[in-house]
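Report on the structure given below.
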Amino acid sequence: MPFRRRKNQGADRLTVGLAAAALGTAGTVLAGHIVRMARRRLAQSKESGEPSGVLSSAELAIAATTKATQDSLTVAIEGYSAAPKGETILFNMLSGFTGAFAVMRLSTWGIRSGWWPLGNVKVGGRHVHHFVPGILAAFLAGGAGLISDNDRLQQILAVPFGAGIGMTFDEAALLLELDDVYWSREGLLSVQLSLGLVGVLGATILALRMLSRGEHDAEQAGLIPDETGEYRIPDFA
């Protein structure tokens, strides 16, 4: 009995740790960028000589943060538009995955609590788990993306592909146990796997962005050849 209790506590700590790591990383990146944009707004206000004598420090900070949030949204839109195809596809997969996982968890909790407007899907009296449409969505979107030569379509299809994977991973424990363990302690495995995949996708996107910037800077400095196989001569002027 003590061994099982320690095992359960370890599983709980792992789940909380994965959730904290996923949310903490995203929150740190977002908050850090907003802070940088807010500093720019405050510096711009001082440089332009905007009147600030009637505003308190708190009011100035709130105004700068509001504008910085808008600036961060603008930067995100521009960055998404300028991102390479591979990074955009991974980001869309991550968005579809996390969105579907969150909606599935919310809806199943709502159905269990009795406040969700829609109930369980049943066909012929049999409960259809959401991993079934998830697998179908992933198969269809992935297959269509493989046979398509349209970059824009492939980027769009990455969203339902990621959503299908999210719906399937949300019931991974059920598939492994071959039993409905969704709300049991064994069901925590689905949450752990999903949070782990979110971390992997997020880290992959950041790594690709870092490598892309490093490749560009190395080409400009003449440290590596460009796509044509030639070295760029640095301009030291």
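The values are calculated or read from the model by the stated rules, or taken from the named source; none is laboratory data. Just so you know, these numbers come straight off a predicted model, no measurement behind them. Cβ: placed from backbone, ideal geometry, glycine included. Neighbour counts: every protein chain shown. We work out accessible area using only protein heavy atoms, side chains counted, and drop any ligands, DNA or RNA first. Shrake-Rupley method; radii C 1.70, N 1.55, O 1.52, S 1.80 Å.
Worth pointing out:
- Region 181-224, subset among the charged types (D, E, K, R) and in contact (Cβ under 8 Å) with a residue 24 or more places away in the chain, residue least open to solvent (accessible area, probe 1.4 Å): Arg209
- Taking the conditions (1) β-branched (Val, Ile, Thr); (2) open to solvent by 80 Å² or more (accessible area, probe 1.4 Å); (3) at pLDDT 80 or above in turn, Val54 satisfies each one other than (3).
- Residue that is surrounded by the fewest Cβ atoms within 10 Å (Cβ to Cβ), among those in region 127-155 that are free of Cβ contacts under 8 Å to residues at least 24 places away in the same chain and within 20 Å of Val181 (Cα to Cα): His127
- Among residues of region 76-90, those that are touching a helix residue (DSSP H, G or I) at 6+ places or on another chain (Cβ under 6 Å) and crowded, with 18+ Cβ neighbours inside 10 Å, counted: 4
- Ala158 vs. criteria open to solvent by less than 30 Å² (accessible area, probe 1.4 Å), among the aliphatic types (A, V, I, L, M), part of a helix (DSSP H, G or I) and free of Cβ contacts under 8 Å to residues at least 40 places away in the same chain: no
- On the stretch given as region 161-178, residues that are closer than 23 Å to Gly110 by Cβ, open to solvent by 60 Å² or more (accessible area, probe 1.4 Å) and modelled with pLDDT under 90 total 1.
- Flag for Trp116 being at pLDDT 85 or above, surrounded by 11 or more Cβ atoms within 10 Å (Cβ to Cβ) and assigned to a loop (DSSP other than H, G, I, E, B): yes
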